[in-house]
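Colleague: Got a structure for you, questions after.
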Amino acid sequence: MADSPSTLSPFQRLLADAQQGGQAKVDALVALSQRTVHLPTWGQDDSASFRTLTNANGQTALPIFSTADQLEAAATQFGWREADGSVASKEFGARGALNYAIGHDLHFVVVDISAPHSLDIDREEIEPLLSPAARRESSGPYAGVGRLSSSMIRAVKPSGAMNINIGGEPIGGASQTPEPKPLPGASLQASVSDEPIAVTTFGSGSSVSVHKLNEEPAEALLSGLAAVLRSYPEVEWAALSAIARGPSSPMPTVALKIDTAFRQRLNEIILSLREAGDELGASLDVLLLDDPSVMRTVRAEAKLFYPWKR
């Protein structure tokens with residue numbers, strides 16, 4: 001369920017406003033640089049490295065969280081919990097986390113990725129924030145708000161702007177080369193495994209079986225589907241698998257996790273995904289994930305592609 005503005009902390013409201021870019025984003029970045037944040041790690045060891053995420057275009061991001069509760073929510077969504085249910089993490093100065101992202105050549109940082117107020121920070125936006133001039137002007141709580149250099153104003157962009165053109169050519173765009181190219185989804189149906197990974201039977205006698213895709217889906221197909229889903233913030237995550245309903249043969253399927261309170265546009269989402277698949281040469285089914293056992297199997301075995309790849 002989405003947070004209402006009244007339930008957000010002042011800093012989280014600042015992040016929400018910053019999604020539009022401009023001075024509001026500069027203000028949020030200045031405030032962020034003076035905070036400590038929570039970062040998920042690969043294990044509990046002191047030397048454990050920070051977890052990163054990869055989008056459909058191969059770009060990497062460092063997820064950071066404004067509170068421990070935001071980290072916990074994301075850990076459940078992305079499967080970051082240890083065997084005992086805990087979440088390995090470190091509390092770290094935000095400026096140090098941003099320096100880590102630059103030093104490890106990551107493309108961007110994402111703050112509170114699972115939340116409606118989530119904010120993407122591009123590498124080009126981070127670099128001026130870490131300059132000596134920015135450090136001088138940002139000493140003390142919000143001291144530099146509105147007074148950072150014009151280079152930082154020029155650098156900031158609306159949240160998510162770096163993802164708009166992921167995947168290259170627009171869906172359905174005409175090829176500029178004389179040789180025809182196969183559509184990115186053309187071989188998807190042939191890659192479906194006959195043997196199911198898991199079969200779930202419901203009380204009515206109906207069943208759903210999850211199958212593997214024997215080859216990696218084309219990045220252009222995943223990017224096209226992800227582009228559709230970015231218009232629907234109610235979608236929490238999506239994966240591509242092969243799923244059979246009852247006695248029918250398995251077919252490539254987009255499995256969607258959507259909060260039960262936000263399903264008013266479900267038919268529109270399904271239609272948009274199928275149309276995008278058709279334009280990319282893939283005949284796709286769409287499955288709404290409600291059964292816990294099916295959801296666990298899909299999370300563990302399917303190709304998770306939205307909002308991030310596993």
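The values are calculated or read from the model by the stated rules, or taken from the named source; none is laboratory data. Quick caveat, the model's predicted, so the values are computed rather than measured. Ideal geometry is used to build each Cβ from the backbone, glycine not excepted, and the neighbour counts take in all protein chains shown.
Colleague: Hey, any hits in region 80-103 for a residue that's farther than 18 Å from Phe11 by Cα, among the hydrophobic types (A, V, I, L, M, F, W, C) and in contact with a Gly (Cβ under 6 Å, 6 or more places away or on another chain)? Break it down into steps so the answer makes sense when it comes.
Modeller: Residues of region 80-103 that are farther than 18 Å from Phe11 by Cα, as a first pass: 80-90, 96, 99-103.
If we keep only those that are among the hydrophobic types (A, V, I, L, M, F, W, C) too, we end up with 80, 83, 87-88, 101-102.
Keeping just the survivors that are in contact with a Gly (Cβ under 6 Å, 6 or more places away or on another chain) gives 88.
Yes - at least one qualifying residue is present in region 80-103.
Colleague: Got at least one residue in region 28-46 being assigned by TED's automatic domain parsing to the domain that holds Phe108, in a loop (DSSP other than H, G, I, E, B), polar (S, T, N, Q) and farther than 26 Å from Phe305 by Cα? Break it down into steps so the answer makes sense when it comes.
Modeller: Within region 28-46, the first condition is being assigned by TED's automatic domain parsing to the domain that holds Phe108, and the residues that meet it are 28-46.
Subset that is in a loop (DSSP other than H, G, I, E, B): 34-35, 42-46.
Next, only the ones that are polar (S, T, N, Q) stay: 34, 44.
Within this subset, residues satisfying the condition of being farther than 26 Å from Phe305 by Cα are 34, 44.
Taking every residue of region 28-46 in turn, at least one turns out to be assigned by TED's automatic domain parsing to the domain that holds Phe108, in a loop (DSSP other than H, G, I, E, B), polar (S, T, N, Q) and farther than 26 Å from Phe305 by Cα.
Colleague: Please specify each residue of region 215-233 satisfying the condition of being assigned to a helix (DSSP H, G or I) and out of contact with any Pro (no Cβ under 7 Å at 6 or more places or on another chain). Steps first, please.
Modeller: The initial filter retains those residues of region 215-233 that are assigned to a helix (DSSP H, G or I), namely 219-229.
Result: Glu219, Leu222, Ser223, Gly224, Leu225, Ala226, Ala227, Val228, Leu229.
Colleague: Got a sec? Which of Glu236, Glu275 is surrounded by fewer than 17 Cβ atoms within 10 Å (Cβ to Cβ) and part of a strand (DSSP E or B)? Spell out how you get there, then give the answer.
Modeller: Working: Glu275 fails: part of a strand (DSSP E or B).
Going through Glu236, Glu275 in turn, just one is surrounded by fewer than 17 Cβ atoms within 10 Å (Cβ to Cβ) and part of a strand (DSSP E or B): Glu236.
Colleague: Within region 255-287, take every residue that is within 18 Å of the chain's Cα centre (by Cα) and aliphatic (A, V, I, L, M) and give me the one that is nearest to Ser206 (Cα to Cα).
Modeller: That would be Ala255.
Colleague: While we're here: Against the definition (under 19 Å from the mean Cα position of the chain (by Cα), touching a residue at least 60 places away in the same chain (Cβ under 8 Å) and on the phi > 0 side of the Ramachandran plot), how does Gly79 come out, yes or no?
Modeller: Yes.
Colleague: I need the full set of residues from region 283-310 which are of a type outside the set (Val, Ile, Thr), farther than 19 Å from Asn57 by Cα and either in contact with a Gly (Cβ under 7 Å, 6 or more places away or on another chain) or not in a loop (DSSP other than H, G, I, E, B) (or both), in order please. Outline the logic, then answer.
Modeller: Start the filter on region 283-310 by keeping residues that are of a type outside the set (Val, Ile, Thr), which leaves 283-285, 287-293, 295-296, 299-310.
With farther than 19 Å from Asn57 by Cα added as a condition, the list becomes 283-285, 287-293, 295-296, 299-301.
Residues satisfying the conditions are Ser283, Leu284, Asp285, Leu287, Leu288, Pro292, Ser293, Met295, Arg296, Arg299, Ala300, Glu301.
Colleague: For region 199-214, state whether one or more residues are out of contact with any Pro (no Cβ under 9 Å at 6 or more places or on another chain), in contact (Cβ under 8 Å) with a residue 40 or more places away in the chain and surrounded by 20 or more Cβ atoms within 10 Å (Cβ to Cβ).
Modeller: yes
Colleague: Can you tell me which of (1) part of a strand (DSSP E or B); (2) surrounded by fewer than 20 Cβ atoms within 10 Å (Cβ to Cβ); (3) within 12 Å of the chain's Cα centre (by Cα) is the one Pro63 doesn't meet?
Modeller: (2)
Colleague: Can you confirm whether region 286-296 contains a residue that is in contact (Cβ under 8 Å) with a residue 40 or more places away in the chain, farther than 22 Å from Gly246 by Cα, surrounded by 15 or more Cβ atoms within 10 Å (Cβ to Cβ) and outside the structural domain of Leu62 (by TED's automatic domain parsing)?
Modeller: no
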